[in-house]
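Take a look at the structure set out below.
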Amino acid sequence: MKICWANTDNIDESDIVIVGIPDESKSHALRKGTSEAPHKIREISSIRDTYKHGDDISLGLPLDGITKKVYDYGNIERSQIEYAIDKIVSKSKIPISIGGDHSITTQIIKSVSKKYGPLSLVYFDAHPDFVSSVHGYYGSVFQDVLEYIDIKTSIMVGIRTPEREEIDNIKKYDVPVITPFDIIRNGIQKTEETILDRIGKNTYVSLDMDAIDPAYAPGVSVPVPLGLRNTEVAFLLKSIVKKGIRGLDIMETCPNYDIKDRTSHLASRIISEVISSA
Ligand SMILES: [Mn+2]
(Lines give C-alpha, C1' and ligand atoms only; values in the text may rest on other atoms or scores of the structure.)
Protein backbone atom coordinates (compact mmCIF):
# COMPACT_ATOMS: atom_id res chain seq x y z
CA MET A 1 0.00 0.00 0.00
CA LYS A 2 1.21 3.50 -0.86
CA ILE A 3 0.81 6.68 1.14
CA CYS A 4 -2.32 8.42 -0.14
CA TRP A 5 -0.29 11.52 -1.12
CA ALA A 6 1.73 9.55 -3.72
CA ASN A 7 0.82 10.90 -7.16
CA THR A 8 3.42 9.44 -9.52
CA ASP A 9 4.78 5.95 -10.27
CA ASN A 10 7.93 7.40 -11.76
CA ILE A 11 10.72 8.25 -9.34
CA ASP A 12 12.52 10.29 -11.99
CA GLU A 13 9.65 12.76 -12.35
CA SER A 14 9.15 13.03 -8.59
CA ASP A 15 10.20 15.86 -6.27
CA ILE A 16 9.68 13.98 -3.01
CA VAL A 17 10.25 10.30 -2.24
CA ILE A 18 8.56 8.52 0.67
CA VAL A 19 10.62 5.68 2.15
CA GLY A 20 9.47 3.30 4.89
CA ILE A 21 12.09 1.73 7.17
CA PRO A 22 10.30 -0.77 9.44
CA ASP A 23 13.19 -1.50 11.81
CA GLU A 24 13.42 -1.05 15.57
CA SER A 25 16.51 -3.12 16.26
CA LYS A 26 18.39 -0.18 17.85
CA SER A 27 15.62 0.83 20.24
CA HIS A 28 15.94 0.26 23.97
CA ALA A 29 12.30 1.17 24.63
CA LEU A 30 10.04 -1.01 26.77
CA ARG A 31 7.21 -0.32 24.33
CA LYS A 32 7.89 -2.24 21.12
CA GLY A 33 6.22 -1.85 17.75
CA THR A 34 7.66 1.13 15.87
CA SER A 35 8.52 -1.23 12.99
CA GLU A 36 4.79 -1.40 12.25
CA ALA A 37 4.54 2.36 11.70
CA PRO A 38 5.45 2.63 7.98
CA HIS A 39 2.67 0.22 7.05
CA LYS A 40 0.16 1.67 9.52
CA ILE A 41 0.73 5.30 8.56
CA ARG A 42 0.22 4.43 4.88
CA GLU A 43 -2.90 2.41 5.68
CA ILE A 44 -4.45 5.11 7.85
CA SER A 45 -3.57 7.80 5.30
CA SER A 46 -5.52 5.87 2.69
CA ILE A 47 -8.52 5.37 4.96
CA ARG A 48 -8.76 8.69 6.83
CA ASP A 49 -7.32 11.27 4.46
CA THR A 50 -9.61 10.32 1.60
CA TYR A 51 -13.33 10.85 1.11
CA LYS A 52 -15.80 8.65 -0.72
CA HIS A 53 -18.54 9.96 -2.98
CA GLY A 54 -20.35 6.89 -4.24
CA ASP A 55 -17.67 5.02 -6.19
CA ASP A 56 -15.37 8.04 -6.36
CA ILE A 57 -12.57 8.60 -3.90
CA SER A 58 -11.14 12.06 -3.37
CA LEU A 59 -8.16 13.22 -1.36
CA GLY A 60 -8.48 15.60 1.61
CA LEU A 61 -5.70 18.00 0.67
CA PRO A 62 -3.94 20.56 2.84
CA LEU A 63 -5.39 24.04 2.30
CA ASP A 64 -2.45 25.13 0.16
CA GLY A 65 -2.84 22.08 -2.10
CA ILE A 66 -0.16 19.69 -3.35
CA THR A 67 1.75 20.73 -6.45
CA LYS A 68 4.85 18.54 -6.00
CA LYS A 69 5.24 15.04 -7.42
CA VAL A 70 5.42 12.38 -4.73
CA TYR A 71 6.77 8.88 -5.26
CA ASP A 72 6.38 6.08 -2.71
CA TYR A 73 9.53 3.94 -2.74
CA GLY A 74 7.96 1.32 -0.46
CA ASN A 75 9.74 -0.20 2.51
CA ILE A 76 13.43 -0.99 2.80
CA GLU A 77 15.62 -2.87 5.27
CA ARG A 78 18.06 -1.07 7.53
CA SER A 79 20.92 -2.50 5.45
CA GLN A 80 19.51 -0.81 2.33
CA ILE A 81 19.33 2.72 3.76
CA GLU A 82 22.62 3.90 2.26
CA TYR A 83 21.80 2.55 -1.21
CA ALA A 84 18.26 3.94 -1.25
CA ILE A 85 18.99 7.37 0.23
CA ASP A 86 22.10 7.81 -1.95
CA LYS A 87 19.96 7.04 -5.00
CA ILE A 88 17.16 9.44 -4.00
CA VAL A 89 19.52 12.26 -3.05
CA SER A 90 21.72 11.80 -6.15
CA LYS A 91 18.59 12.44 -8.24
CA SER A 92 18.10 15.65 -6.21
CA LYS A 93 14.85 14.38 -4.71
CA ILE A 94 13.83 15.07 -1.10
CA PRO A 95 13.56 11.86 0.96
CA ILE A 96 10.79 11.72 3.56
CA SER A 97 11.55 8.64 5.64
CA ILE A 98 9.17 6.87 8.00
CA GLY A 99 10.60 4.78 10.88
CA GLY A 100 11.16 2.71 12.83
CA ASP A 101 13.34 3.65 15.73
CA HIS A 102 15.16 6.97 15.78
CA SER A 103 18.64 5.48 15.20
CA ILE A 104 17.67 5.15 11.52
CA THR A 105 18.12 8.93 11.27
CA THR A 106 21.86 8.55 11.83
CA GLN A 107 22.27 6.45 8.68
CA ILE A 108 20.03 8.72 6.60
CA ILE A 109 21.90 11.86 7.64
CA LYS A 110 25.22 10.19 6.81
CA SER A 111 23.98 9.56 3.26
CA VAL A 112 22.38 12.98 2.74
CA SER A 113 25.55 14.71 3.96
CA LYS A 114 27.62 12.87 1.35
CA LYS A 115 25.94 15.02 -1.30
CA TYR A 116 25.40 18.29 0.54
CA GLY A 117 28.15 18.40 3.17
CA PRO A 118 27.50 19.20 6.84
CA LEU A 119 23.76 19.66 7.39
CA SER A 120 21.78 22.04 9.57
CA LEU A 121 19.84 19.63 11.73
CA VAL A 122 16.49 20.60 13.23
CA TYR A 123 15.81 17.92 15.81
CA PHE A 124 12.24 17.67 17.15
CA ASP A 125 12.21 15.32 20.13
CA ALA A 126 11.19 15.10 23.79
CA HIS A 127 14.66 13.63 24.41
CA PRO A 128 17.95 15.14 23.22
CA ASP A 129 19.18 11.68 22.07
CA PHE A 130 22.61 13.04 23.02
CA VAL A 131 23.99 10.17 25.09
CA SER A 132 27.71 9.76 24.42
CA SER A 133 28.56 6.93 26.80
CA VAL A 134 26.71 4.47 24.53
CA HIS A 135 26.78 4.65 20.73
CA GLY A 136 24.69 3.48 17.79
CA TYR A 137 21.25 3.36 19.34
CA TYR A 138 18.14 5.56 19.42
CA GLY A 139 19.42 7.54 22.39
CA SER A 140 22.75 8.59 20.81
CA VAL A 141 21.56 9.94 17.44
CA PHE A 142 22.71 13.52 18.03
CA GLN A 143 26.13 12.33 19.20
CA ASP A 144 26.42 9.86 16.29
CA VAL A 145 25.64 12.49 13.61
CA LEU A 146 28.05 15.15 14.93
CA GLU A 147 30.54 14.48 12.12
CA TYR A 148 27.83 14.92 9.45
CA ILE A 149 26.15 18.10 10.72
CA ASP A 150 27.04 21.74 11.16
CA ILE A 151 26.48 22.13 14.86
CA LYS A 152 26.55 25.95 14.58
CA THR A 153 23.40 25.89 12.45
CA SER A 154 21.59 23.04 14.20
CA ILE A 155 18.89 23.24 16.86
CA MET A 156 16.72 21.06 19.11
CA VAL A 157 12.98 21.62 19.59
CA GLY A 158 10.55 20.05 22.08
CA ILE A 159 13.21 18.79 24.52
CA ARG A 160 11.90 18.22 28.05
CA THR A 161 13.48 15.12 29.57
CA PRO A 162 17.28 15.09 29.22
CA GLU A 163 19.61 12.79 31.11
CA ARG A 164 22.48 14.36 33.09
CA GLU A 165 25.12 13.58 30.44
CA GLU A 166 22.86 14.97 27.73
CA ILE A 167 22.64 18.31 29.53
CA ASP A 168 26.45 18.28 29.71
CA ASN A 169 26.71 17.55 25.97
CA ILE A 170 24.20 20.26 25.06
CA LYS A 171 26.34 22.75 27.01
CA LYS A 172 29.62 21.37 25.67
CA TYR A 173 28.51 21.78 22.03
CA ASP A 174 26.44 24.90 22.72
CA VAL A 175 23.31 23.55 21.01
CA PRO A 176 20.29 25.85 21.29
CA VAL A 177 17.26 24.11 22.76
CA ILE A 178 13.67 25.28 22.38
CA THR A 179 11.48 23.66 25.03
CA PRO A 180 7.67 23.55 25.01
CA PHE A 181 7.74 26.19 27.79
CA ASP A 182 9.94 28.45 25.63
CA ILE A 183 7.21 28.41 22.96
CA ILE A 184 4.60 29.40 25.56
CA ARG A 185 6.83 32.22 26.75
CA ASN A 186 8.03 33.56 23.40
CA GLY A 187 5.17 32.68 21.09
CA ILE A 188 5.18 30.65 17.92
CA GLN A 189 6.28 33.50 15.63
CA LYS A 190 9.40 34.26 17.66
CA THR A 191 10.12 30.52 17.76
CA GLU A 192 9.79 30.31 13.99
CA GLU A 193 12.22 33.24 13.61
CA THR A 194 14.74 31.66 15.97
CA ILE A 195 14.75 28.43 13.97
CA LEU A 196 14.83 30.07 10.52
CA ASP A 197 17.64 32.43 11.60
CA ARG A 198 19.67 29.48 12.86
CA ILE A 199 19.53 27.07 9.89
CA GLY A 200 21.55 27.23 6.68
CA LYS A 201 20.72 26.17 3.14
CA ASN A 202 21.30 22.43 3.61
CA THR A 203 18.75 21.62 6.26
CA TYR A 204 17.64 18.22 7.46
CA VAL A 205 14.62 17.84 9.74
CA SER A 206 14.10 14.89 12.06
CA LEU A 207 10.76 14.57 13.83
CA ASP A 208 10.48 12.12 16.68
CA MET A 209 6.72 11.90 17.17
CA ASP A 210 7.33 12.01 20.94
CA ALA A 211 8.19 15.70 20.57
CA ILE A 212 4.42 16.15 20.33
CA ASP A 213 2.35 15.93 23.51
CA PRO A 214 0.97 12.43 24.22
CA ALA A 215 -2.52 13.97 24.15
CA TYR A 216 -2.06 14.32 20.38
CA ALA A 217 0.45 11.52 19.83
CA PRO A 218 -0.08 8.76 22.39
CA GLY A 219 1.29 6.06 20.09
CA VAL A 220 5.03 6.52 20.55
CA SER A 221 7.58 4.26 22.20
CA VAL A 222 8.67 6.71 24.93
CA PRO A 223 5.87 9.22 25.64
CA VAL A 224 6.58 12.31 27.78
CA PRO A 225 3.85 14.69 28.99
CA LEU A 226 4.01 18.50 28.57
CA GLY A 227 4.94 18.33 24.90
CA LEU A 228 4.44 20.41 21.79
CA ARG A 229 1.04 20.95 20.27
CA ASN A 230 0.22 19.25 16.99
CA THR A 231 -0.43 22.59 15.26
CA GLU A 232 2.82 24.09 16.57
CA VAL A 233 4.84 21.26 15.08
CA ALA A 234 3.02 21.36 11.73
CA PHE A 235 3.38 25.15 11.57
CA LEU A 236 7.11 25.08 12.31
CA LEU A 237 7.73 22.21 9.90
CA LYS A 238 5.93 24.06 7.10
CA SER A 239 8.03 27.18 7.69
CA ILE A 240 11.29 25.21 7.65
CA VAL A 241 10.26 23.27 4.54
CA LYS A 242 9.28 26.50 2.75
CA LYS A 243 12.78 27.82 3.38
CA GLY A 244 14.17 24.61 1.86
CA ILE A 245 15.15 21.16 3.13
CA ARG A 246 17.31 18.29 1.87
CA GLY A 247 15.41 15.60 3.74
CA LEU A 248 13.01 14.89 6.58
CA ASP A 249 12.03 11.93 8.68
CA ILE A 250 9.19 10.96 11.00
CA MET A 251 10.26 8.41 13.59
CA GLU A 252 9.08 6.48 16.63
CA THR A 253 5.36 6.16 15.91
CA CYS A 254 4.31 3.03 17.80
CA PRO A 255 0.93 1.76 16.53
CA ASN A 256 0.65 -0.92 19.26
CA TYR A 257 0.22 1.79 21.89
CA ASP A 258 -1.85 4.20 19.83
CA ILE A 259 -5.40 5.27 20.61
CA LYS A 260 -7.67 4.78 17.60
CA ASP A 261 -4.69 5.29 15.24
CA ARG A 262 -4.52 8.96 16.26
CA THR A 263 -0.73 9.15 16.02
CA SER A 264 -0.53 7.45 12.63
CA HIS A 265 -3.21 9.79 11.32
CA LEU A 266 -1.32 12.79 12.67
CA ALA A 267 1.87 11.52 10.99
CA SER A 268 0.01 11.21 7.68
CA ARG A 269 -1.42 14.74 7.99
CA ILE A 270 2.01 16.12 8.88
CA ILE A 271 3.45 14.46 5.78
CA SER A 272 0.77 16.14 3.65
CA GLU A 273 1.48 19.56 5.18
CA VAL A 274 5.20 19.10 4.60
CA ILE A 275 4.64 18.08 0.98
CA SER A 276 2.33 21.04 0.38
CA SER A 277 5.03 23.44 1.62
CA ALA A 278 7.92 21.96 -0.37
MN1 LIG B 1 14.29 10.38 19.54
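Select from the range 193-232 the residues that are within 14 Å of the ligand (Cβ to nearest atom) and not in a loop (DSSP other than H, G, I, E, B) and list them in ascending order.
Val205, Ser206, Leu207, Asp208, Met209, Asp210, Ala211, Ile212, Val220, Leu228
Considering only residues that are in a strand (DSSP E or B) and touching a helix residue (DSSP H, G or I) at 6+ places or on another chain (Cβ under 8 Å), look in the range 62-78 and name the one that is surrounded by the fewest Cβ atoms within 10 Å (Cβ to Cβ).
Within the range 62-78, the first condition is being in a strand (DSSP E or B), and the residues that meet it are 70-75.
Still in the list and also touching a helix residue (DSSP H, G or I) at 6+ places or on another chain (Cβ under 8 Å): 70-73, 75.
Details: Val70: 24, Tyr71: 23, Asp72: 23, Tyr73: 21, Asn75: 17.
Out of the qualifying residues, it is Asn75.
Can you give me the number of residues within the range 131-147 that are surrounded by fewer than 20 Cβ atoms within 10 Å (Cβ to Cβ) and either more than 12 Å from the ligand (Cβ to nearest atom) or among the polar types (S, T, N, Q) (or both)? Steps first, please.
Going residue by residue through the range 131-147, those that are surrounded by fewer than 20 Cβ atoms within 10 Å (Cβ to Cβ) are 132-137, 146-147.
With the extra rule that they be either more than 12 Å from the ligand (Cβ to nearest atom) or among the polar types (S, T, N, Q) (or both), the set shrinks to 132-136, 146-147.
Within the range 131-147, residues that are surrounded by fewer than 20 Cβ atoms within 10 Å (Cβ to Cβ) and either more than 12 Å from the ligand (Cβ to nearest atom) or among the polar types (S, T, N, Q) (or both) number 7.
Got at least one residue in the range 121-130 being of a type in the set (Phe, Trp, Tyr), part of a strand (DSSP E or B) and within 16 Å of the ligand (Cβ to nearest atom)?
Yes, the range 121-130 contains at least one residue that is of a type in the set (Phe, Trp, Tyr), part of a strand (DSSP E or B) and within 16 Å of the ligand (Cβ to nearest atom).
Given (1) free of Cβ contacts under 8 Å to residues at least 24 places away in the same chain; (2) within 16 Å of the ligand (Cβ to nearest atom); (3) hydrophobic (A, V, I, L, M, F, W, C), identify the lone condition not met by Ile184.
Tallying (1) free of Cβ contacts under 8 Å to residues at least 24 places away in the same chain; (2) within 16 Å of the ligand (Cβ to nearest atom); (3) hydrophobic (A, V, I, L, M, F, W, C), Ile184 fails exactly one: (2).
Residues Thr191, Thr161, Thr179: which one is closer than 22 Å to Ala278 by Cβ and at pLDDT 95 or above? Steps first, answer last, please.
Numbers: Thr161 fails: closer than 22 Å to Ala278 by Cβ; Thr179 fails: closer than 22 Å to Ala278 by Cβ.
Result: Thr191 is the single residue among Thr191, Thr161, Thr179 that is closer than 22 Å to Ala278 by Cβ and at pLDDT 95 or above.
Can you pull out the residues in the range 1-41 that are out of contact with any strand residue (DSSP E or B) (no Cβ under 7 Å at 6 or more places or on another chain) and of a type in the set (Lys, Arg)?
Across the range 1-41, the qualifying residues are Lys26, Arg31, Lys32, Lys40.
Identify the single condition in (1) within 16 Å of the ligand (Cβ to nearest atom); (2) not in a strand (DSSP E or B) that Ile81 does not satisfy, given that it satisfies every other one.
The single condition Ile81 does not satisfy is (1).
Given the criteria modelled with pLDDT of 95 or more, buried (at least 24 other Cβ atoms within 10 Å of the Cβ), under 22 Å from Val141 (Cα atoms) and in contact with a helix residue (DSSP H, G or I) (Cβ under 9 Å, 6 or more places away or on another chain), does Ile275 qualify?
The answer is no for Ile275.
Residues that are within 16 Å of the ligand (Cβ to nearest atom) and crowded, with 20+ Cβ neighbours inside 10 Å: does the range 238-247 have at least one?
No, the range 238-247 has no match at all.
Take the residues in the range 40-61 that are over 18 Å from Ile98 (Cβ atoms) and surrounded by 10 or more Cβ atoms within 10 Å (Cβ to Cβ), then tell me which one is farthest from the chain's Cα centre (by Cα).
Among those residues, the one meeting the criterion is Ile57.
Provide a single number: the residues in the range 148-170 that are within 12 Å of the ligand (Cβ to nearest atom), under 22 Å from Asn202 (Cβ atoms) and among the polar types (S, T, N, Q).
Adding up the residues that qualify gives 0.
Would you point out the residue of the range 99-130, among those that are among the hydroxyl-bearing types (Ser, Thr, Tyr) and touching a strand residue (DSSP E or B) at 6+ places or on another chain (Cβ under 7 Å), that is surrounded by the fewest Cβ atoms within 10 Å (Cβ to Cβ)?
Top of the filtered list is Ser113.
Is it the case that the range 23-34 has a residue that's in a helix (DSSP H, G or I), within 16 Å of the ligand (Cβ to nearest atom) and either at pLDDT 95 or above or under 29 Å from Phe142 (Cβ atoms) (or both)?
yes
The values are calculated or read from the model by the stated rules, or taken from the named source; none is laboratory data. Values in this document were obtained by computation on a predicted structure and should not be read as measured data. Because the Cβ atoms are built from the backbone with ideal geometry, glycine has one as well, and the counts that use them run over all protein chains shown.
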